[in-house]
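The values are calculated or read from the model by the stated rules, or taken from the named source; none is laboratory data. Model, not experiment: these values are computed from the prediction. So basically every Cβ, Gly included, is an ideal-geometry build from the backbone, and we count neighbours across all protein chains shown. To get the accessible areas, we keep the full protein, side chains included, count just its heavy atoms, and leave off ligands, DNA and RNA. Shrake-Rupley method; radii C 1.70, N 1.55, O 1.52, S 1.80 Å.
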Amino acid sequence: MFYGSDLQNRLMLGTAQYPSPQVLREAIAASGAEVITVSLRREGTGGDAFRDILKESGCRILPNTAGCHSVQEAVTTAQMARELFGTSWIKLEVIGHADTLQPDPFALVEAARILAAEGFDVFPYTTDDLIVGEKLIEAGCRVLMPWGAPIGSGQGLRNKEALKTMRAHFPDIPLVVDAGIGAPSQAMEAMEMGFDAVLLNTAVAKALDPVGMSRAFGQAVSAGRAAHDAGIMPRRDMAVASTPIFGMAELA
Amino acid sequence: MRIELNGTAVETAAATLAALIEEQGYEAASVATALNGQFVPLAARDTATLHDGAKVEALSPMQGG
């Protein structure tokens, strides 16, 4: 499914911005997430403690190239991450604009091509643009991660129709809504639309109670997926009585 | 020789990247390294020679989204 790995739990959780390492540990456990995202930075304090949390979590690690603005930076970061985390998975971010954190699709495709050729399993953070998606697949990506809204904005699925079109356009490619999710209902909606997973961080880390919120997101993602699999009824313009008329008493 | 390690100027006697990592007290396997923007795998640090003004990055796992 995701480069040969099937995941029971379809919430992918970021590990940044939690109030404490302990809250992070509990939030990962409460969400049920099987994949967590991490990054690479210059050694600061608490590095060892973080490594322990990663190990204890038992989760698959998805390192990112967050903050990279060029192909060169992203490729080097991915190579460093592969060695450090011992995984060929990489969440490829090549940011085009510092304010919007919108991906630079041209650099993204170029970096994806280089990394796929080097044997990476690339999870590209992209937009809902279909042609960019096609180019990424052509470059070797087997997963696409369109944004719901700008990173950290909590706006949810800003362009639902485009996301639906994308889902229909790439029926066989795992699609993950990455970024912009603020509330569990939004994550659930993405899953109901047939997306394969949801990746989020700020919505949990910045909640009043991150552990409670991560549990809520875990449940929402799971419910949304179950709903999609069960087949949601088509929308109707008119009312249709659900209780049968046959056998009704004459009381008037 | 004066090099730049993680953005800070450092005076070092190390001739190679491997020697620098040891000199600076990093655990070799707990950091990933780059020299002048290019990834240098653990096994290649021994042969990666430093020069005056070299830019070295030694990165660790960190929280990320």
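For segment A:57-76, the set of residues classified as away from every other protein chain (no Cβ under 11 Å) and outside any loop (DSSP other than H, G, I, E, B) consists of A:S57, A:R60, A:V71, A:A74, listed by residue number. Output yes when any residue across segment A:62-70 is surrounded by fewer than 22 Cβ atoms within 10 Å (Cβ to Cβ) and on the phi > 0 side of the Ramachandran plot, and no when none is. Yes, because at least one residue in segment A:62-70 is surrounded by fewer than 22 Cβ atoms within 10 Å (Cβ to Cβ) and on the phi > 0 side of the Ramachandran plot.
Is one or more of the residues making up segment B:1-17 more than 10 Å from every other protein chain (Cβ to nearest Cβ), among the hydrophobic types (A, V, I, L, M, F, W, C), open to solvent by less than 70 Å² (accessible area, probe 1.4 Å) and without any contact (Cβ under 8 Å) to a residue 24 or more places away in the chain? Within segment B:1-17, one or more residues are more than 10 Å from every other protein chain (Cβ to nearest Cβ), among the hydrophobic types (A, V, I, L, M, F, W, C), open to solvent by less than 70 Å² (accessible area, probe 1.4 Å) and without any contact (Cβ under 8 Å) to a residue 24 or more places away in the chain. For segment B:23-35, check the following and say yes or no: at least one residue is of a type in the set (F, W, Y), part of a loop (DSSP other than H, G, I, E, B) and open to solvent by less than 70 Å² (accessible area, probe 1.4 Å). Looking through segment B:23-35, at least one residue is of a type in the set (F, W, Y), part of a loop (DSSP other than H, G, I, E, B) and open to solvent by less than 70 Å² (accessible area, probe 1.4 Å). For segment A:35-56, residues that are more than 8 Å from chain B (Cβ to nearest Cβ) and either at pLDDT 95 or above or part of a loop (DSSP other than H, G, I, E, B) (or both) total 4. Among the residues making up segment A:87-107, those that are buried (at least 24 other Cβ atoms within 10 Å of the Cβ) and out of contact with any Lys or Arg (no Cβ under 9 Å at 6 or more places or on another chain) are A:K91, A:L92, A:E93, A:V94, A:P103. Listed by first and then second residue, the pairs linking a residue in segment A:114-126 that is of a type outside the set (A, V, I, L, M, F, W, C) to a residue that is in a helix (DSSP H, G or I) and open to solvent by less than 30 Å² (accessible area, probe 1.4 Å), with Cβ atoms under 7 Å apart and 6 or more places separating them unless they lie on different chains, are A:P124/A:L108; A:P124/A:A112; A:P124/A:L136; A:T126/A:L108; A:T126/A:V132; A:T126/A:G133; A:T126/A:L136.
Just for segment A:185-208: of the residues that are in contact (Cβ under 8 Å) with a residue 24 or more places away in the chain, assigned to a loop (DSSP other than H, G, I, E, B) and not small (G, A, S), which one is most open to solvent (accessible area, probe 1.4 Å)? Steps first, answer last, please.
Pass one, segment A:185-208, residues in contact (Cβ under 8 Å) with a residue 24 or more places away in the chain: A:185-206.
So of that shortlist, the ones also assigned to a loop (DSSP other than H, G, I, E, B) come out as A:193-196, A:201, A:206.
After this cut, where a residue has to be not small (G, A, S) as well, the list is A:193, A:195-196, A:201, A:206.
Numbers: A:M193: 32, A:F195: 7, A:D196: 23, A:N201: 17, A:K206: 128 Å².
Here the residue is A:K206.
Can you pull out the residues in segment B:37-49 that are more than 10 Å from every other protein chain (Cβ to nearest Cβ) and surrounded by fewer than 16 Cβ atoms within 10 Å (Cβ to Cβ)? Talk me through it step by step, then tell me what you get.
Keep residues of segment B:37-49 that are more than 10 Å from every other protein chain (Cβ to nearest Cβ), which gives B:44-49.
If the condition is that a residue be more than 10 Å from every other protein chain (Cβ to nearest Cβ) and surrounded by fewer than 16 Cβ atoms within 10 Å (Cβ to Cβ), then B:A44, B:D46, B:T47, B:T49 are the ones that fit.
None of A:Q102, A:Q17, A:Q8 is in contact (Cβ under 8 Å) with a residue 60 or more places away in the chain and within 20 Å of the chain's Cα centre (by Cα) except A:Q17.
Restricting attention to segment A:145-161 and to residues that are out of contact with any strand residue (DSSP E or B) (no Cβ under 8 Å at 6 or more places or on another chain) and over 20 Å from B:G64 (Cβ atoms), the residue that is most open to solvent (accessible area, probe 1.4 Å) turns out to be A:R158. Considering segment A:13-24, the residues that are farther than 11 Å from A:S214 by Cβ and open to solvent by 30 Å² or more (accessible area, probe 1.4 Å) include one that is nearest to the other protein chains (Cβ to nearest Cβ), namely A:Q17.
Under the condition of being open to solvent by 10 Å² or more (accessible area, probe 1.4 Å) and out of contact with any helix residue (DSSP H, G or I) (no Cβ under 6 Å at 6 or more places or on another chain), the residues counted in segment A:122-144 number 7.
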